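Enquirer: The structure that follows is given in the form of structure tokens.
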Amino acid sequence: MNQHPIDPVQGAPLIELRGVSKLYANGTLANDGIDLAIHAGELHAIVGENGAGKSTVMKMLYGLEQPSSGGIFMQDQPLPLDSPTAAIAAGIGLVPQHVQLLPSFTVAENIVLGCEPMKGWRIDRAGADSRVRALMQTFGLAVDPAARVRTLPIGVQQRVGILKALYRGARILLLDEPTAVLAAQEARALFGALRAMVARGLTVVLITHKLDEVREFADRFTVLRCGRVSGAGLSSAVTPAQLGEMIVGGRPPATPARRRHAAATPLVRVLGLQAAHADPRQALGPLSFDIGAGEILGIAGVEGNGQDVLAQALLGLRAAVAEAATIAGRPFMGGNVRATRAAGVAAVAEDRLHDGVAPAMSIADNIIAIDYYKAPLSRRGWLDMNAVRRAAADLVKRCGVSASSVEAPIATLSGGNMQKVVLGREMAAAPRLLIASQPTRGVDIGAARELHRQLLALCTEGAAVLLISADLDELLSLSDRVAVMAGGRIVAHFPAEGLDADALGLYMTAARRHEGATATLEAPFTALPAHRTMS
């Protein structure tokens, strides 16, 4: 439980939103009369469902959007934030969920970019490196300043984003879903660093969907629902059930019941899979696994240990070799993506914005992206637009997607609704194997429960599911078995029932940092059936 409660009425707030509303040109009312007070030296969590208005609040605090009415105040004085430049000048820094860095630049170059120390007319590279190292030491965020960003996993890139904001003098740090890509131990380490920042007088505001983070690490919280404040208070004085009711306006949906499945024979079998990578630490394999019909195999691992390469290799997006890769005895690797899909493979991409959808295209166009060339969507090489609209409307209704029209750009949907479209599209193909990478990343409680229900429904139809997730609670509640990846290899493998998230986290972090470390950990789980092959 949080050990640093802050009296919500003690002292004047550092920054306030007073009656702030945001009405967009298309008629969307994102925020409606928001009153929000953030005190100096606190960690303040903003929680709520997708589309509740959390990101809009963050954008207004960083000058990316401006209020339609109401005002923002700092120390009781009006604070005009007409641009990010104005926010930075006021000591406000933003670290978005998708950190924007230059992949070919080093860590130090990214951090000082635009604010480089100079020696005459030249950049003082030694001085930049020295300042970055001092900053890392001050705030306990260790990263190799000379490393190229493209070689770093997403979780480490996030630290670089935080350091970049701190380098520019941020006293108020805004974080959007900071632990979405981190293992449990790494999340605790990040919050340890954030609490150290707060102890030094910094103020941290974060968006999160993880209620345990609110109660364990935040000082205070504010809940948004439908653009309005539906609750606020001390994190130490609220229960998970109370938080959940504030978020969804009633009792949160229950986690779908998972009946553990023990398949007699594998449906999917992969032996000796290998794939190269520009970063040797993320090269894949050789590794082997199998999945039975109706079974979920969960893949755990700290971000950047080959999980994304595994998903891409199985779908045919990355060159790979395997001794065997079969579905019901028939090979499915070695061709192009269309051939792989025709063999019964479907996939939910880790990054839905870049790999799962075409943001500028309509919801309908995204729904038919896989099967557009098949009847009844296409006839004699021409799209039947009436059939397209019917198929899109049917999927939107069946998957509970909240959308004004199937003709609207998919980028207008909330993260949860966008993910419902992606998963619904993949399930509509009736796959034999579904590769689900981070299926509920960045979505709210209600949307996550619905996505879980859809995954389990697919299993009841006899499909095999490979579930790759950084959310250990999700893995443990849905999976039949869990395999741990480190350094592109499978280093541990357990039945999911009875498996503890903390114990699993030890394998994830120890295997990554010390080769062969899993051999020193006592495995408290029963042996797997003989037909289960993992390497």
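The values are calculated or read from the model by the stated rules, or taken from the named source; none is laboratory data. Remember, predicted model here, so these are calculated numbers, not experimental data. So basically every Cβ, Gly included, is an ideal-geometry build from the backbone, and we count neighbours across all protein chains shown. In case anyone asks, the SASA skips ligands and DNA or RNA and just uses the protein heavy atoms, side chains included. Shrake-Rupley method; radii C 1.70, N 1.55, O 1.52, S 1.80 Å.
Enquirer: If I go through region 374-388 residue by residue, how many of them are surrounded by fewer than 17 Cβ atoms within 10 Å (Cβ to Cβ) and either touching a strand residue (DSSP E or B) at 6+ places or on another chain (Cβ under 9 Å) or under 13 Å from E407 (Cα atoms) (or both)? Break it down into steps so the answer makes sense when it comes.
Expert: Taking region 374-388 as the starting set, the residues that turn out to be surrounded by fewer than 17 Cβ atoms within 10 Å (Cβ to Cβ) are 374-376, 378-387.
Checking the rest, the ones that are also either touching a strand residue (DSSP E or B) at 6+ places or on another chain (Cβ under 9 Å) or under 13 Å from E407 (Cα atoms) (or both) come to 384-387.
So the count comes out to 4.
Enquirer: Next question. Tell me, which strands (runs of 3 or more DSSP E) wholly within region 269-375 include 1 or more residues that are without any contact (Cβ under 8 Å) to a residue 60 or more places away in the chain?
Expert: Because the criterion is at least 1 residues that are without any contact (Cβ under 8 Å) to a residue 60 or more places away in the chain, the strands (runs of 3 or more DSSP E) in region 269-375 that meet it are 324-327.
Enquirer: Could you check region 478-491 and list, in sequence order, the residues that are farther than 14 Å from A283 by Cα, open to solvent by less than 10 Å² (accessible area, probe 1.4 Å) and aliphatic (A, V, I, L, M)?
Expert: L478, V482, A483, V484
Enquirer: Take the conditions over 28 Å from G155 (Cβ atoms), polar (S, T, N, Q), surrounded by 21 or more Cβ atoms within 10 Å (Cβ to Cβ) and at pLDDT 85 or above and apply them to T326. Does it pass? Before you say what the answer is, go through the steps one by one.
Expert: Numbers: over 28 Å from G155 (Cβ atoms): yes; polar (S, T, N, Q): yes; surrounded by 21 or more Cβ atoms within 10 Å (Cβ to Cβ): no; at pLDDT 85 or above: yes.
Here the answer is no, as T326 does not meet what is asked.
Enquirer: Going through region 18-55 one residue at a time, which ones are on the phi > 0 side of the Ramachandran plot, outside any loop (DSSP other than H, G, I, E, B) and touching a helix residue (DSSP H, G or I) at 6+ places or on another chain (Cβ under 9 Å)?
Expert: Matches in region 18-55: G48 only.
Enquirer: From the list S83, S69, S104, S55, pick out the single residue that is within 26 Å of H209 (Cα to Cα) and open to solvent by 30 Å² or more (accessible area, probe 1.4 Å). Please lay out each step first, then the result.
Expert: Numbers: S83 fails: within 26 Å of H209 (Cα to Cα); S69 fails: within 26 Å of H209 (Cα to Cα); S104 fails: within 26 Å of H209 (Cα to Cα).
None of the others qualify; the one that does is S55.
Enquirer: Just the residues that are open to solvent by 80 Å² or more (accessible area, probe 1.4 Å) and touching a Gly at 6+ places or on another chain (Cβ under 8 Å), please, taken from region 335-372. Before you say what the answer is, go through the steps one by one.
Expert: Just the residues of region 335-372 that are open to solvent by 80 Å² or more (accessible area, probe 1.4 Å), to begin with: 336, 338, 342, 354-355, 360-361, 372.
Across region 335-372, the qualifying residue is only N336.
Enquirer: Continuing with the same structure: Return the pair list, or none, for Cβ contacts closer than 6 Å from residues in region 59-83 that are touching a residue at least 24 places away in the same chain (Cβ under 8 Å) to residues that are of a type in the set (S, T, Y) and open to solvent by less than 40 Å² (accessible area, probe 1.4 Å), at least 6 apart or on different chains.
Expert: G63/S83; S68/S21; S69/S21; G70/S21
Enquirer: Further question on the same structure: Considering region 105-127 alone, what residues qualify as being modelled with pLDDT of 90 or more and of a type in the set (G, A, S)?
Expert: Result: A108, single match.
Enquirer: Taking into account only those residues within region 392-431 that are surrounded by 20 or more Cβ atoms within 10 Å (Cβ to Cβ) and over 25 Å from the mean Cα position of the chain (by Cα), which is farthest from G344 (Cα to Cα)?
Expert: Within region 392-431, the match that is farthest from G344 (Cα to Cα) is V406.
Enquirer: Something else: Going residue by residue through region 435-449, is there one that turns out to be open to solvent by less than 10 Å² (accessible area, probe 1.4 Å), over 30 Å from G53 (Cβ atoms) and modelled with pLDDT of 85 or more?
Expert: yes
Enquirer: Report, by residue number, each residue of region 210-256 that is surrounded by 18 or more Cβ atoms within 10 Å (Cβ to Cβ), modelled with pLDDT under 85, in a loop (DSSP other than H, G, I, E, B) and in contact with a helix residue (DSSP H, G or I) (Cβ under 7 Å, 6 or more places away or on another chain).
Expert: Of everything in region 210-256, just one residue is surrounded by 18 or more Cβ atoms within 10 Å (Cβ to Cβ), modelled with pLDDT under 85, in a loop (DSSP other than H, G, I, E, B) and in contact with a helix residue (DSSP H, G or I) (Cβ under 7 Å, 6 or more places away or on another chain), namely P252.
Enquirer: Checking the conditions here, which among A408, A436 is over 22 Å from R341 (Cα atoms), touching a helix residue (DSSP H, G or I) at 6+ places or on another chain (Cβ under 8 Å) and in contact (Cβ under 8 Å) with a residue 24 or more places away in the chain? Give the derivation first.
Expert: On the way: A436 fails: over 22 Å from R341 (Cα atoms).
So the residue among A408, A436 that is over 22 Å from R341 (Cα atoms), touching a helix residue (DSSP H, G or I) at 6+ places or on another chain (Cβ under 8 Å) and in contact (Cβ under 8 Å) with a residue 24 or more places away in the chain is A408.
Enquirer: Okay, moving on. Looking at V156 and the list (1) open to solvent by less than 60 Å² (accessible area, probe 1.4 Å); (2) assigned by the TED database to the domain that holds E65, which single condition is not satisfied?
Expert: (2)
Each row is one residue, and each column tells you yes or no for (1) among the charged types (D, E, K, R); (2) open to solvent by 40 Å² or more (accessible area, probe 1.4 Å); (3) closer than 30 Å to A503 by Cα; (4) in contact (Cβ under 8 Å) with a residue 24 or more places away in the chain.
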position	(1), (2), (3), (4)
G114	no, yes, no, no
R131	yes, yes, no, yes
L135	no, no, no, yes
F139	no, no, yes, yes
A146	no, yes, no, yes
I172	no, no, no, yes
P178	no, no, yes, yes
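Enquirer: Also, quick follow-up: Restricting attention to region 495-508, report how many residues are at negative phi and open to solvent by 10 Å² or more (accessible area, probe 1.4 Å).
Expert: Summing the residues that are at negative phi and open to solvent by 10 Å² or more (accessible area, probe 1.4 Å) in region 495-508 gives 9.
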